[in-house]
Every structure is written in structure tokens, then in C-alpha cells.
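Input: a single structure, listed below in C-alpha cells.
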Amino acid sequence: MAKVLKLVNVMIIFLALVLVAMNVNADVINCTQDSDCQSIGCLSHLKPKCTMLGFFFNAFVGICECDQVM
């Protein structure tokens, strides 16, 4: 009986983790300059910034993220 209860608890925890992982906002916005990132919402003390990942197919490619204002 205890093994069945433990199995049920493990299944509930696993299902909860799967549901949380499915609801993560994983939108990635590609950019080449900071002005491409104005559509992402940052907190008031942060500003949108294009972080360069590298040089691919003869163009710089980056992703948008929120960075602290200095």
C-alpha cells in the first residue's frame, strides 16, 4: 500500500512539473541591433538590449533580453 501511494505521489509531482514546463514563455526574439528589441516588455529599471550571439551567414545574430540601465 505504501509503495502504491509513493508511486501516485511521484506521478502527481511529475505531471505538475510537465504542466509548468509547458507554460513557460519561451519566445526568443532575434535581433541585430538594440532597436529590434523594443517589443519585449522589461521592468521599469531594465531596458531592452540585443545581446550578440555570433556571426552567422554573413550577419550578426543576437537575442533580445532585459539589461540594467547604467
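The values are calculated or read from the model by the stated rules, or taken from the named source; none is laboratory data. All of these numbers come straight from a predicted model, not from anything done at the bench. When we count neighbours, we look across all protein chains shown, and the Cβ atoms used for this are built from the backbone with ideal geometry, even at glycine.
Here are the numbers for this structure:
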item: Single unsatisfied condition, residue 6 versus (1) surrounded by 10 or more Cβ atoms within 10 Å (Cβ to Cβ); (2) part of a loop (DSSP other than H, G, I, E, B); (3) of a type outside the set (Ser, Thr, Tyr); result: (2)
item: Any pair with Cβ under 6 angstrom, 6 or more apart, that starts in the stretch 53-70 at a residue that is touching a residue at least 12 places away in the same chain (Cβ under 8 Å) and within 16 Å of residue 29 (Cα to Cα) and ends at one that is β-branched (Val, Ile, Thr) and surrounded by fewer than 12 Cβ atoms within 10 Å (Cβ to Cβ); result: 63/28
item: Hits in the stretch 42-70 - residues which are more than 14 Å from the chain's Cα centre (by Cα) and outside any strand (DSSP E or B); result: 43, 44, 45, 57, 58, 69, 70
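Table: residues versus (1) surrounded by 15 or more Cβ atoms within 10 Å (Cβ to Cβ); (2) among the β-branched types (Val, Ile, Thr); (3) modelled with pLDDT of 80 or more.
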| residue | (1), (2), (3) |
| --- | --- |
| 35 | no, no, yes |
| 42 | yes, no, yes |
| 46 | no, no, yes |
| 53 | no, no, yes |
| 59 | no, no, no |
| 62 | yes, no, yes |
